[in-house]
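The values are calculated or read from the model by the stated rules, or taken from the named source; none is laboratory data. What you see is a predicted model, and the numbers here were worked out from it, not measured in a lab. Glycine gets a Cβ as well: all are built from the backbone with ideal geometry, and neighbour counts include every protein chain shown. SASA here: full protein model, heavy atoms, side chains in, ligands and nucleic acids out. Shrake-Rupley method; radii C 1.70, N 1.55, O 1.52, S 1.80 Å.
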Amino acid sequence: QVQLVESGGGLVQAGGSLRLSCAASGRIVSINIMGWYRQAPGKQRELVATLSRGGSTNYADSVKGRFTISRDNAKNTVYLQMNSLKPEDTAVYYCNAHLRDTWWSSESEYWGQGTQVTVSS
């Protein structure tokens, strides 16, 4: 089994910074894409940023220039550095990974449990 464990969420004032971490553990053959999504109350879950094993990144327009996604392939860990935080960034942030857990299986998608990020004015 594979599990994604998130950490780093919490309360922060507008303009502040926060760093989220997500570590994948369990039987993992390879991880292709890791990323972050978020969901605010009453809104749909949206993509924040993704990072492929080869280094390709994809950011939501709303976070470009403020958030940075990085990845430690040796540790199967993805990070999200969030700077210049705004109240509109308040949401539950979910870690996501597309990986293969066996050599013979196709790629599967896994989700973390989510971590709350609250930005106050």
Does the range 75-90 contain any residue that is at pLDDT below 95, outside any loop (DSSP other than H, G, I, E, B) and not hydroxyl-bearing (Ser, Thr, Tyr)? yes
So which residues in the range 94-121 are more than 22 Å from Arg71 (Cα to Cα), part of a strand (DSSP E or B) and open to solvent by 30 Å² or more (accessible area, probe 1.4 Å)? Thr118, Ser120
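Which residue, of Arg71, Arg38, is surrounded by 15 or more Cβ atoms within 10 Å (Cβ to Cβ) and under 26 Å from Thr102 (Cβ atoms)? First the steps, then the outcome.
Values: Arg38 fails: under 26 Å from Thr102 (Cβ atoms).
Exactly one residue qualifies, and that residue is Arg71.
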Collect the residues in the range 45-68 that are buried (at least 16 other Cβ atoms within 10 Å of the Cβ) and closer than 17 Å to Ala14 by Cα, keeping them in residue-number order. Val63, Phe67
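When the range 8-35 is examined, which residues are found to be assigned to a strand (DSSP E or B), open to solvent by less than 60 Å² (accessible area, probe 1.4 Å) and not hydrophobic (A, V, I, L, M, F, W, C)? Quick ask: steps written out before the conclusion?
First, pick out the residues of the range 8-35 that are assigned to a strand (DSSP E or B): 10-13, 18-26, 30-35.
Filter again for open to solvent by less than 60 Å² (accessible area, probe 1.4 Å), leaving 10, 12, 18, 20-26, 30-31, 33-35.
Passing the criteria: Gly10, Ser21, Ser25, Gly26, Ser30, Gly35.
Would you check if there is a residue in the range 77-92 being among the hydrophobic types (A, V, I, L, M, F, W, C) and surrounded by fewer than 14 Cβ atoms within 10 Å (Cβ to Cβ)? Explain how you work it out, then say what you get.
Residues of the range 77-92 among the hydrophobic types (A, V, I, L, M, F, W, C): 78, 80, 82, 85, 91-92.
If we keep only those that are surrounded by fewer than 14 Cβ atoms within 10 Å (Cβ to Cβ) as well, we get none.
Looking for residues that are among the hydrophobic types (A, V, I, L, M, F, W, C) and surrounded by fewer than 14 Cβ atoms within 10 Å (Cβ to Cβ), one finds none in the range 77-92, hence no.
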